[in-house]
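Structure first, then comments.
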Amino acid sequence: MGALRTFFEEIRAQKEDLVAAWIIRTEGSTYRKSGALMLFSREKRVGLLSGGCLEGDLHEHARQLLDAPPNTPPLSIHRYDSRGSDDPVWGLGLGCEGLMEVLLLRCSAKTHYQPLQHIFEATAQQRRITCHINLKTGECSDSESDVSLPRQTDYGVVHAATQVFSVHVRPPPQLLICGAGPDVDAVIFFAEKLGWHLTVVDHRPAYVEAHRFGSTAKIVALESPADLAEQLPLHDFSAALVMSHHLLADTDYLNALADTHIPYVGLLGPAARRARLMSALGAQAPKLESRLRAPVGLDIGARSAEEILAIVAEIQASLQGREARSFTTATAHPYIK
């Protein structure tokens with residue numbers, strides 16, 4: 001979502017029109033599902049709806065919308081169906097064995113760039129909204145979303161009776177990282193690629209210098225790790241990662257996190273270290289047991305800080321309500337037919 005927002009703001013600053021593309025319906029195996037979004041200007045595009053095979057064709061349709069007369073409908077719908085054929089489709093070599101319908105909607109200053117303006121405002125403010133797009137006229141409206149939405153960030157549905165597409169937009173996950181040592185850079189790199197909102201805390205002045213992080217992460221300097229709950233609204237976070245490499249600091253961090261409902265708490269270090277910390281927590285330890293992932297991350301044979309992507313992958317799986325494992329063995333997974 002971060003790259004989409006940056007692109008949107010650039011185009012809006014130039015007062016140019018752009019085209020938003022949403023997947024509005026799928027059947028079978030597709031790269032992404034209903035609600036997924038990408039953006040097009042005349043020359044550039046950001047995001048992916050397929051593995052790269054449809055985007056060029058969609059860009060041509062987007063240019064046609066951008067060149068259309070002002071009094072024409074600002075939208076078009078395109079259907080891509082690769083089911084039941086081994087032949088390349090449109091020369092693109094699609095092999096997903098699925099159907100995808102994509103809505104293209106021209107957004108301009110005349111319409112205040114809606115619904116994109118409200119979508120990006122809501123995600124920045126950590127609000128859930130539902131945007132409604134009339135599939136005949138392109139008219140847009142939005143409303144606050146019910147909290148009981150699917151886990152994925154965006155989820156869309158077409159209401160057949162009214163011919164309205166509703167896309168439910170949830171704010172990106174918020175990740176709290178307790179400890180700003182050198183290996184946190186790799187976590188930030190991968191988490192930002194996923195569009196997560198990041199907050200990094202540490203009590204060591206040398207580790208919380210803003211110039212260390214050429215990123216959008218929020219850096220918070222603590223007087224002491226014991227001050228964590230006083231300085232941050234911990235219940236706002238989707239996941240927390242404790243990685244200060246300092247036993248006393250990690251004990252204080254875990255003690256504060258035990259009193260929250262954060263569903264994922266990851267702890268860096270071996271099992272013996274986890275046992276020692278849990279013993280130090282005493283009566284607080286049972287509050288964490290069902291949520292604590294320690295040693296944190298997936299077992300991929302990691303040997304370097306860059307391979308810390310295994311931690312980010314486990315957090316992502318947890319946010320989606322899954323136990324991460326290979327698709328090859330996940331016979332009950334909904335993508336496995």
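Read the figures in this text as sums done on the coordinates, not as results from a lab. Because the structure is a prediction, the values reported are computed rather than measured. Cβ sites come from the backbone with ideal geometry, for glycine too, and all protein chains shown count toward neighbours.
Data for the structure
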| item | result |
| --- | --- |
| Whole-angstrom gap from region 25-87 to region 237-314, using each part's C-alpha centre | 41 Å |
| Dipole of region 128-247 [Lys/Arg +1, Asp/Glu -1 at C-beta], most positive-end residue of 222, 210, 186 | 186 |
| GNM flexibility winner over the chain from 83, 12, 45 (Cα, springs under 10 Å) | 83 |
| Residue order, fewest to most beta carbons within 10 Å, for 200, 208, 296 | 208, 296, 200 |
| Sorted peptide list for 22-35, 115-128, criterion being average Cβ within 10 angstrom, highest first | 22-35, 115-128 |
| Cα shape, region 2-169, gyration tensor, a/c 1.5 rule | oblate |
| Within a Gaussian network of the chain (alpha carbon springs, distance under 10 Å), most fluctuating of 280, 239, 180 | 280 |
| Dipole axis of region 1-142 (+1 Lys, Arg; -1 Asp, Glu on Cβ), positive-most option in 129, 31, 66 | 129 |
| Of 44/193; 193/287; 44/110; 136/193; 44/218; 33/193, pairs whose Cα-Cα distance is over 23 Å | 193/287; 136/193; 44/218 |
| Cα gyration tensor shape of region 174-319, rounded if a/c is under 1.5, else prolate or oblate by comparing a/b with b/c | rounded |
| From the coordinates shown, mean projected area of the Cα convex hull in nm² corresponds to which of (i) 18.4; (ii) 19.9; (iii) 16.8 | (ii) |
